[in-house]
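I have placed the structure first, in the form of structure tokens, so that the comments after it can refer back to it.
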Amino acid sequence: MPEPDLSTSPRAIWRLAWPQTLMMYCVFIMSFTPVWTAGRLSAEVQAAFGMAAQCVIFLSILCMGLSSGATAAISQALGDRNGRRAGFYVTTTVALSFLLGLLLALPGYFFAEAIASAVGLPEATQPAACQIWRIMMAGLPLTYVYDATCVIFRATRRVIAPLATAAGIMLLHAYLCIGLGLGCLGLPALGLDGIAWAGVAANAAGAVANCLLLWRLGLLARRRIPNASWLRRGLPYLLKVAGPACIAALVWHSGYFVLFVLVSTVPFNRVASLAGLTAGLRIESILFLPGMAFHATAAVLVGNCLGAGRREEAMRVSWTLIKSAVAVMSLAGLAMWPFRPELAAFLSEDALTQSYIVSYLSWNLASTPFSIASTVLGGVMVGAGATRYNLLTFGSTFWGLRIPLGWWLGHVLWQDASGVFCAMLVSQIVQSLAMCRVLQARRWQNFAMRSHRRGGS
């Protein structure tokens, strides 16, 4: 593996951040396109797609946890200038991602109806949601591999090649989704099936392309396959970071799952509220996904710094990224604010659904500084291997504040989905303040992997 670039200068940060920001916009367009296409069919189809997609994200928690462990392990190994150890973590991550996807896809496919019933979907949307869900399960293993390979490129600071892949599959996905969903662009009209299969095809293409790129770079070569002796020494740290990250993802996404249930069971306008939440989340991604690029950049840079033993530099980089992300994304949120009705009209033709999209955006655009700060701080903890702080802070504010407050406002006081949206703002404020306190305490730096220079690979 070539000598890694470990610079943390503003120029190095920019070189790492801008391709990831563009990649996140590619991800946004891929998540936006099926929602827009489904909205052209009906509000019921749009709501069904949103719930099915949320269920798939919920199933991704093991892959997300593994990705956090891989980011910490690979970036710290490169910071320690141990390319052999980093290479072993690369192949281990790819193999485990495919295996996890396969193990989750099989039961997920066969229990589609039970899942749709358990989450409290309105009866009108259950058949469509089950149909989408089964198709998504068919592509889950390769979806996991694509996500994992993107993480690997990021952790090794190779961000241009996966950007090209992301742009290519974004265009492929848009062509297939719109063409097959609506029966245009020279493709047959498959409706709901076409929308779902477009996502499967795009993720499969991305997985194959990224694996070929890793192979050409020598990162998936045979010599990178670890033996049993190394796995006994190397896997514990990966699992030590991945475990709390996995539980944190479970807590977070199960919380979002419950939010969907809260919105779908409000006393009035259930289908419109659920469709509004689905569409609102996609619009909010314009701000949130670039925030995830800062999250990923923080994880890699902090991991490099701590792997090299540079603790003060890790703290300096953390604050630089937090301030930059909050400033840039807050300005973007202010620019979006006047156009909430137009954005809602673009995503839905139903007037009632549009009103709930505007309500969601009003509350969540106001939370931008706090949600972006929390996102970057979460990346700092991932890079340090201190994922237990993400678990404790995000879990307690989500389940201890957001869910109960959302239920009380949405089901008791206001009896409207806007109450659930308001609770999201309140919890983000508390969460960001708590994470800032964790950063200042500096205990998170003690979770970095110890140097192996004296103890082998």
For this session: Restricting attention to segment 61-93, report how many residues are surrounded by fewer than 24 Cβ atoms within 10 Å (Cβ to Cβ), of a type in the set (Val, Ile, Thr) and under 21 Å from Pro244 (Cα atoms).
Result: 2
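Test Phe346 against the stated conditions and say whether it is in a helix (DSSP H, G or I), within 23 Å of the chain's Cα centre (by Cα) and touching a residue at least 24 places away in the same chain (Cβ under 8 Å).
Values: in a helix (DSSP H, G or I): yes; within 23 Å of the chain's Cα centre (by Cα): no; touching a residue at least 24 places away in the same chain (Cβ under 8 Å): yes.
So Phe346 does not fit the description; no.
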Problem set entry | Where Pro338 falls short, out of the listed (1) assigned to a helix (DSSP H, G or I); (2) over 30 Å from Met64 (Cα atoms); (3) in contact (Cβ under 8 Å) with a residue 12 or more places away in the chain | (3)
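Answer yes if at least one residue in segment 235-251 is of a type outside the set (S, T, N, Q), part of a loop (DSSP other than H, G, I, E, B) and either at pLDDT below 85 or buried (at least 19 other Cβ atoms within 10 Å of the Cβ) (or both), and no otherwise. Let's see the steps before the verdict.
Within segment 235-251, the subset of a type outside the set (S, T, N, Q) is 235-251.
Next, from what is left, pick out any that are part of a loop (DSSP other than H, G, I, E, B): none.
For segment 235-251, residues of a type outside the set (S, T, N, Q), part of a loop (DSSP other than H, G, I, E, B) and either at pLDDT below 85 or buried (at least 19 other Cβ atoms within 10 Å of the Cβ) (or both): absent.
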For this session: Filter segment 270-323 for residues that are surrounded by 23 or more Cβ atoms within 10 Å (Cβ to Cβ) and among the hydroxyl-bearing types (Ser, Thr, Tyr) and give the result.
Result: Ser273, Thr278, Thr297, Ser318
Seminar exercise, completed: By residue number, the members of segment 257-273 that are under 15 Å from Trp407 (Cα atoms) and assigned to a helix (DSSP H, G or I) are Phe257, Val258, Leu259, Phe260, Val261, Leu262, Val263, Ser264, Arg270, Ser273
Problem set entry | Restricting segment 257-282 to residues that are within 16 Å of Ala53 (Cα to Cα) and of a type in the set (Phe, Trp, Tyr), the residue that is modelled with the lowest pLDDT | Phe257
For this session: Among the residues of segment 61-79, write down those that are more than 16 Å from Asn390 (Cβ to Cβ) and of a type in the set (Gly, Ala, Ser).
Result: Ala73, Ser75, Ala77, Gly79
For this session: Identify all residues within segment 282-316 that are over 24 Å from Phe346 (Cβ atoms) and of a type in the set (Phe, Trp, Tyr); write none if there are none.
Result: Phe294
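I'd like to check something: does segment 403-410 contain any residue that is under 20 Å from the mean Cα position of the chain (by Cα) and of a type in the set (Val, Ile, Thr)? Let's see the steps before the verdict.
Of segment 403-410, the ones under 20 Å from the mean Cα position of the chain (by Cα) are none.
For segment 403-410, residues under 20 Å from the mean Cα position of the chain (by Cα) and of a type in the set (Val, Ile, Thr): absent.
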Problem set entry | Top-ranked residue of segment 25-53 - restricted to ones that are farther than 23 Å from Ala167 by Cα and either of a type in the set (S, T, N, Q) or in contact with an Asp or Glu (Cβ under 6 Å, 6 or more places away or on another chain) (or both), ranked as surrounded by the most Cβ atoms within 10 Å (Cβ to Cβ) | Gln46
For this session: Return only the number of the condition from (1) in contact with a helix residue (DSSP H, G or I) (Cβ under 6 Å, 6 or more places away or on another chain); (2) crowded, with 18+ Cβ neighbours inside 10 Å that Ile13 does not satisfy.
Result: (1)
For this session: Scan segment 421-432 and report the pairs whose first residue is farther than 14 Å from Thr375 by Cβ and in contact (Cβ under 8 Å) with a residue 60 or more places away in the chain and whose second residue is of a type in the set (Gly, Ala, Ser) and in a helix (DSSP H, G or I), with Cβ atoms within less than 7 Å and a gap of 6+ or a chain change.
Result: Phe421/Ser359; Leu425/Ala366
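The values are calculated or read from the model by the stated rules, or taken from the named source; none is laboratory data. Owing to the predicted nature of the structure, the values given are computational and were not obtained by experimental measurement. A quick note on method: Cβ atoms are made from the backbone with ideal geometry, for glycine too, and the neighbour counts reach across all protein chains shown.
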